[in-house]
Amino acid sequence: MAEGNQKTDRSLQTLAPERQKTDRSRRNASSHRRKARRARRRRRIAAIVTILTLSVALIGLGLWLLPGNRPGVVGQAYPMEYEAQIRARAAENGLDPALPAAVILAESSYRPEAVSEANAQGLMQLLPDTAQWISEKFDEVYAEGCLFEPEVNIKYGCWYLGYLMKRFDGDVTKAIAAYHAGQGRVDAWLADPACSPDGVTLSTIPSDATRTYVTRVLRYYEKYQALYAQAA
């Protein structure tokens, strides 16, 4: 019986270190699981914070992009330079000041030194021959290079735009098309049933360049109407 007890004691002594190893393994595994859970929890929290931060940033960007909330961007996209001259010359010629402002943006992007391949010059991109003809309406002598002076360019350009508006019965589309393509081409389009079924309404502009130009000016015109109304 004593020998049996001794064998049992030796067996227990042999099993004890193995149990200790098993217990340590279980504790280590449990510790790893806890650490993994904590790491996953931290990642989830970090992801939520990131999403919330991005959401707030996007909301702020959306509010900033609303009309009236981004004066710097509006000022760059739709300059309000030469406003006093534009208003004065537009009034003299019965124009909404937003119209010459839109033409200037489309023609020269408000660069008084601009010159086109066709030698149109200045803010409103007038050809020297056209400017010379206009100068005679003012009993002035046309001087070469005068179209680079904003005051002169706006004066002549607004007169010409007013003239076209009267010639085409106040139709903005036809006046803008004539400003770009010439009066004769608009007359020809109006005489073509494919472009004007009634000879009055210019329903189709066959020139891609002029059609694009008219679309741009009308878009700018709408924006400048709001800007000039706010500035009044």
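No value in this document is a laboratory result; all are computed from the given coordinates. Worth saying up front: this structure is predicted, and the values here are computed from it rather than measured. Heads up, the Cβs are rebuilt from the backbone with ideal geometry, glycines too, and the neighbour counts pull from every protein chain shown.
Listed values, structure above:
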{"read-out": "Cα pair distances in segment 164-232, grouped into 5 Å bins until the bin that holds the longest one, percent each", "value": "3, 18, 25, 23, 14, 8, 5, 3, 1"}
{"read-out": "q = 0.10, 0.11 Å⁻¹, segment 79-231: log10 I(q)/I(0) [Debye, one scatterer per Cα]", "value": "-0.33, -0.40"}
{"read-out": "Separation between Cα centres of segment 77-131 and segment 145-220, rounded to whole Å", "value": "14"}
{"read-out": "Fewest-first sequence of 203, 109, 135 by Cβ atoms within 10 Å of each Cβ", "value": "109, 203, 135"}
{"read-out": "Ranked list, fewest to most other Cβ atoms within 10 Å of each Cβ, for 174, 223, 137", "value": "137, 223, 174"}
{"read-out": "For residue 93, distant residues with modelled amide H under 5 Å away", "value": "none"}
{"read-out": "Likely footprinting exposure, 124, 80, 165, fewest C-beta neighbours within 10 Å first", "value": "80, 165, 124"}
{"read-out": "For segment 95-156, the spread of Cα positions along each principal axis, largest first, Å", "value": "28, 27, 16"}
